[in-house]
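The values are calculated or read from the model by the stated rules, or taken from the named source; none is laboratory data. It should be emphasised that the depicted structure is a prediction, and the values quoted were computed from it without experimental measurement. Quick reminder, even Gly has a Cβ in these numbers, built from the backbone with ideal geometry, and neighbours come from all protein chains shown. To get the accessible areas, we keep the full protein, side chains included, count just its heavy atoms, and leave off ligands, DNA and RNA. Shrake-Rupley method; radii C 1.70, N 1.55, O 1.52, S 1.80 Å.
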Amino acid sequence: PCQTAWPIFQDLGATAMWECWGDDVPEGDVTSFPMAVKAGEDETLVLSFTVWPDKPTRETALAKMMSYLAMAEAMGDMPFDGKRMIFGGFDPMLMAAASGPS
């Protein structure tokens, strides 16, 4: 689904998109990602984020996104329980990188 979504997100103004497979996401004693989404022992977490140039672009994109036929088709094939997704927007405090992903 992320390969299908990226061209749509890019068309709507996104500048980058990351899909990250959980590799070392421990359970916490008080709170943690696995606890937040009620992950089962046989489940792996996925962290995904999209970079937008600004909040107005993101808000416009999110409003248009579901009208795209390809997005609706991609959402129909999701291999996870979408009710456990956590959504949010963040205002960057620092943006730094040594190099891009390879």
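So here's what we get for this one:
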{"item": "Residue ID - farthest from the chain's Cα centre (by Cα), chosen from residues in region 2-28 that are farther than 18 Å from Val51 by Cβ and surrounded by 13 or more Cβ atoms within 10 Å (Cβ to Cβ)", "result": "Val25"}
{"item": "Residue within region 77-86 that is modelled with pLDDT under 90, closer than 29 Å to Ser99 by Cβ and surrounded by 12 or more Cβ atoms within 10 Å (Cβ to Cβ) present", "result": "no"}
{"item": "Top-ranked residue in region 27-51 [being touching a strand residue (DSSP E or B) at 6+ places or on another chain (Cβ under 9 Å) and assigned to a loop (DSSP other than H, G, I, E, B); ranked as nearest to Ala96 (Cα to Cα)]", "result": "Leu45"}
{"item": "Residue list for region 35-51, restricted to those being over 16 Å from the mean Cα position of the chain (by Cα) and of a type outside the set (Gly, Ala, Ser)", "result": "Met35, Lys38, Glu41, Asp42, Glu43"}
{"item": "Residue within region 62-69 that is at pLDDT below 80, farther than 15 Å from Gln10 by Cα and open to solvent by less than 80 Å² (accessible area, probe 1.4 Å) present", "result": "no"}
